[in-house]
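Step one of this worksheet: look at the structure below.
The values are calculated or read from the model by the stated rules, or taken from the named source; none is laboratory data. Since the model is a prediction, treat every value here as computed from it, not as a measurement. Glycine also receives a Cβ, built like all others from the backbone with ideal geometry; neighbour counts cover every protein chain displayed. Heads up: the accessible areas ignore ligands, DNA and RNA and are worked out on the full protein's heavy atoms, side chains in. Shrake-Rupley method; radii C 1.70, N 1.55, O 1.52, S 1.80 Å.
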Amino acid sequence: VGGNFSYTNNAGGSTTINNFGPLKVPIAGTINITTSGGSNPLFSMERVQNSTNGGTISVQNSGFVTFAYDTLLVAALNVNGYTDGNTDDFLQNQITGTVNISDDASNTGSHYFRRNTINGNTTITNNSPSILYESYQGSNIYNGNVTLIRNNGTISFSYDNPSFVNQNLTLNSTTGITFTDTVKFAGNTSGFIEQLGTQPIIIPKMFMQKNSSGTLTLNDSVTISTKLNFNGGNIISSTANQLKFLDGSTQADASATSHVIGPVTKIGDDAFTFPIGGPTSLNTVGITAPVGATSKFSAQHFLASPTLVGDTALRDPVIKKLSNCEYWDVKRLTGTSAATLTFSFEAPCAGNMFYVTNPSALRIAHWTGATWENLGNGGFTGTTTGTVTTAAPVTNFSPFTFGSINLALAFLPINLVKFSAAKQNSNVLINWQTRDEVNIREYEVQRSSDGINYTTIAMVQAKNLSGTQNYTSIDTKVTDKLNYYRLKIGDINNSYKYSEVQKIEFDKNYSMALFPNPAKNFFVVNTNKKITQLQLTDLSGKIVKQFIQTGSNRYDINNLLPGVYLVKIEAAENFETLKLVVQ
């Protein structure tokens with residue numbers, strides 16, 4: 001067919017197009033087919049191939065249906081309401097376009113969807129008591145979204161071959177959708193899996209096979225009953241939507257580019273390594289076998305300072321310092337089993353001289369709610385990267401991190417407690433506080449006008465002292481209305497890390513003034529900002545008086561000796577120091 005092909009049958013009767021034809025039927029143009037007769041015992045189309053997109057195929061209320069070996073470019077392929085006692089078959093088609101397939105509630109024949117490649121979104125609905133066998137005797141490849149709707153009967157997904165889902169997988173069922181073989185989440189595009197109904201998502205065998213930037217987000221919890229293999233792309237879980245492993249199930253081949261970001265739950269009496277980490281790092285924790293098939297543990301890695309969960313100054317005296325880079329939350333959800341834990345120290349925290357040089361100096365620290373207790377070092381692997389195991393089985397669970405008993409061998413990252421920037425008249429005051437510095441060379445104060453390109457405006461030498469240290473720098477050359485500030489922290493081995501970013505905006509509507517000035521019995525602060533701190537000092541910086549903001553912003557200075565004072569005012573992001581003459 002050198003042009004377009006169109007066929008319409010609204011009167012009924014069978015439709016067979018190249019039925020059992022041994023050769024492809026080429027169509028140069030679009031293809032448009034509509035059949036909707038009430039007495040239509042069958043529809044069959046085989047080895048039809050068209051070359052121009054835009055047409056539509058609509059098969060409504062047919063008897064049994066066969067699409068086999070077709071290569072179709074269409075806007076949509078809709079096959080709905082088919083019913084018969086024969087076998088319905090969608091075999092080895094390559095379809096570019098939206099595919100929508102659903103049977104009638106009266107259908108009594110099994111239907112098969114096998115060895116197809118769909119370059120578009122696919123919706124499969126089972127309305128009858130029949131079984132729909134998907135990926136039967138060959139894999140289906142879905143390059144668009146897949147939606148499975150089960151209103152009756154059974155949808156057996158990945159029946160005896162893997163199904164490749166390269167974007168989203170959506171289920172809508174209360175029961176009746178089963179997974180038998182492997183579901184492979186592949187392709188170059190991130191996707192999600194979710195259940196719009198109430199049936200739990202239980203997948204026996206699952207395979208992550210996306211490229212390194214592709215992810216699979218769990219919009220509902222997913223349970224693995226046999227095995228999960230990692231071979232590319234991360235799974236994104238959450239507290240509400242977790243990845244769960246049943247008793248006897250396993251995971252394999254987790255890596256820095258393919259693992260779980262978020263919590264993972266393991267049920268059962270098996271030893272297990274939780275395949276967890278950050279966006280670009282694998283940071284596992286392993287547990288020895290608990291007692292009882294109903295024991296349940298969960299674990300999650302946080303690429304953040306453990307100060308978020310417990311004061312790192314409250315620690316066992318033998319531990320000289322705690323990591324400021326990462327921690328794990330390991331929970332025992334059911335059961336009473338103790339478990340020995342093995343934590344990995346890997347990138348991005350480890351892997352260079354800035355973290356660990358000899359893991360013999362590491363100890364596992366556990367936050368009890370009041371202190372970081374020392375759980376010892378029962379064995380380790382590696383040097384700058386590797387694993388450390390607790391000295392004994394753990395009975396109490398919650399956050400864990402690494403501690404060091406020898407800061408020359410395992411000094412861990414600097415503990416940056418606080419970093420802030422505030423306006424001071426037309427300048428910006430930058431303050432930061434650290435704890436337990438070791439092998440830190442210097443701090444670079446950096447400024448940016450766009451939050452992307454930074455310039456160093458000050459260099460401050462590190463003190464390298466234990467305990468808390470405070471630093472200050474003033475930016476006196478602010479020229480832009482919007483300014484971003486950060487610290488670049490360098491160690492003695494030329495490794496660097498960065499602080500969080502602080503944004504300062506000079507508001508044209510901002511104003512701050514004192515009157516009367518000179519003053520005698522009182523002064524008033526004229527500002528349109530909420531005052532958070534107000535101090536009166538002498539010229540040496542000694543605090544003479546502190547005030548709490550009043551509704552009128554009027555402050556009494558009775559009994560002050562005449563002279564010149566400094567009024568230090570902090571309001572929102574603004575920090576002002578104004579001179580006040582007292583008569």
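What about T122, is it out of contact with any helix residue (DSSP H, G or I) (no Cβ under 9 Å at 6 or more places or on another chain) and either open to solvent by 20 Å² or more (accessible area, probe 1.4 Å) or within 19 Å of S36 (Cβ to Cβ) (or both)?
no
Mind counting the residues in the range 259-313 that are assigned to a loop (DSSP other than H, G, I, E, B), farther than 15 Å from F343 by Cα and β-branched (V, I, T)? Reasoning before the result, please.
First pass over the range 259-313, keeping only residues assigned to a loop (DSSP other than H, G, I, E, B): 259, 262-263, 268-271, 275, 279-280, 283-284, 288-295, 303-305, 309-313.
Then keep just the ones that are farther than 15 Å from F343 by Cα; that gives 259, 262-263, 268-270, 279-280, 289-295, 304-305, 309-313.
In the following step, the residues that additionally are β-branched (V, I, T) were identified as 280, 291, 294, 309, 312.
Looking only at that region, the number is 5.
Picking from A408, A421, which residue would you name as being open to solvent by 10 Å² or more (accessible area, probe 1.4 Å), of a type in the set (A, V, I, L, M, F, W, C) and assigned to a loop (DSSP other than H, G, I, E, B)?
The match here is A408.
Residue under question is S62, and the condition is that it be touching a Gly at 6+ places or on another chain (Cβ under 8 Å) and more than 15 Å from S130 (Cα to Cα); does it hold?
Judged against the criteria, S62 is a match.
Pick out the one residue from A313, A391, A361 that is in contact (Cβ under 8 Å) with a residue 40 or more places away in the chain and touching a Leu at 6+ places or on another chain (Cβ under 8 Å).
Going through A313, A391, A361 in turn, just one is in contact (Cβ under 8 Å) with a residue 40 or more places away in the chain and touching a Leu at 6+ places or on another chain (Cβ under 8 Å): A361.
Taking only the range 258-281 into account, find how many residues are under 18 Å from F207 (Cα atoms), open to solvent by 40 Å² or more (accessible area, probe 1.4 Å) and more than 13 Å from the chain's Cα centre (by Cα).
1
With respect to Y136, is the statement that it is under 22 Å from T170 (Cβ atoms), aromatic (F, W, Y) and in a loop (DSSP other than H, G, I, E, B) true?
It is true that Y136 is under 22 Å from T170 (Cβ atoms), aromatic (F, W, Y) and in a loop (DSSP other than H, G, I, E, B).
Across the range 216-257, which residue is surrounded by the most Cβ atoms within 10 Å (Cβ to Cβ) among those that are at pLDDT 95 or above and of a type in the set (V, I, T)?
If we take residues in the range 216-257 being at pLDDT 95 or above and of a type in the set (V, I, T), then I235 is surrounded by the most Cβ atoms within 10 Å (Cβ to Cβ).
Looking at the range 314-329 only, could you name the residues that are outside any loop (DSSP other than H, G, I, E, B) and open to solvent by 50 Å² or more (accessible area, probe 1.4 Å)? Outline the logic, then answer.
As a first pass, look at the range 314-329 and keep what is outside any loop (DSSP other than H, G, I, E, B): 315, 321-322, 327-329.
Selection gives R315 alone.
In the range 512-538, what count of residues is obtained for those that are part of a loop (DSSP other than H, G, I, E, B) and within 50 Å of the chain's Cα centre (by Cα)?
Of the residues in that region, 3 qualify.
What number of residues in the range 282-292 are touching a strand residue (DSSP E or B) at 6+ places or on another chain (Cβ under 8 Å) and open to solvent by less than 50 Å² (accessible area, probe 1.4 Å)?
Of the residues in that region, 7 qualify.
Are there any pairs with C-beta distances below 7 angstrom linking a residue in the range 147-165 that is among the charged types (D, E, K, R) to a residue that is modelled with pLDDT of 95 or more and assigned to a strand (DSSP E or B), with the two at least 6 apart or on different chains, and if so which?
What qualifies is R150/N126; R150/I177.
Out of everything in the range 539-583 that is charged (D, E, K, R) and under 30 Å from E505 (Cβ atoms), what residue ends up being modelled with the lowest pLDDT?
Of everything passing the filter in the range 539-583, E573 is modelled with the lowest pLDDT.
Of all residues in the range 188-202 being over 14 Å from Q242 (Cβ atoms) and β-branched (V, I, T), which is surrounded by the fewest Cβ atoms within 10 Å (Cβ to Cβ)?
T198
Exactly one of (1) within 46 Å of the chain's Cα centre (by Cα); (2) in a strand (DSSP E or B); (3) of a type outside the set (V, I, T) is unmet by P26. Its number?
Of everything listed in (1) within 46 Å of the chain's Cα centre (by Cα); (2) in a strand (DSSP E or B); (3) of a type outside the set (V, I, T), P26 misses just condition (1).
If we keep just the residues of the range 1-60 that are charged (D, E, K, R) and modelled with pLDDT of 95 or more, which is least open to solvent (accessible area, probe 1.4 Å)?
E46
Considering only residues that are open to solvent by less than 60 Å² (accessible area, probe 1.4 Å), of a type outside the set (S, T, Y) and under 26 Å from T307 (Cβ atoms), which ones fall in the range 465-490?
G467, Q469, R486, L487, K488, I489, G490
What do you reckon, is T239 farther than 13 Å from I201 by Cβ, of a type in the set (V, I, T) and more than 15 Å from the chain's Cα centre (by Cα)?
The answer is no for T239.
Is at least one residue of the range 558-577 surrounded by fewer than 16 Cβ atoms within 10 Å (Cβ to Cβ), over 20 Å from P518 (Cα atoms) and of a type in the set (D, E, K, R)?
no
Identify, please: which residue in the range 300-310 is without any contact (Cβ under 8 Å) to a residue 40 or more places away in the chain and within 18 Å of F274 (Cβ to Cβ) and is, among those, least open to solvent (accessible area, probe 1.4 Å)?
First pass over the range 300-310, keeping only residues without any contact (Cβ under 8 Å) to a residue 40 or more places away in the chain: 300-302, 304, 308.
Keeping just the survivors that are within 18 Å of F274 (Cβ to Cβ) gives 300-302, 304.
Working: Q300: 41, H301: 13, F302: 59, A304: 29 Å².
Checking each candidate, the answer is H301.
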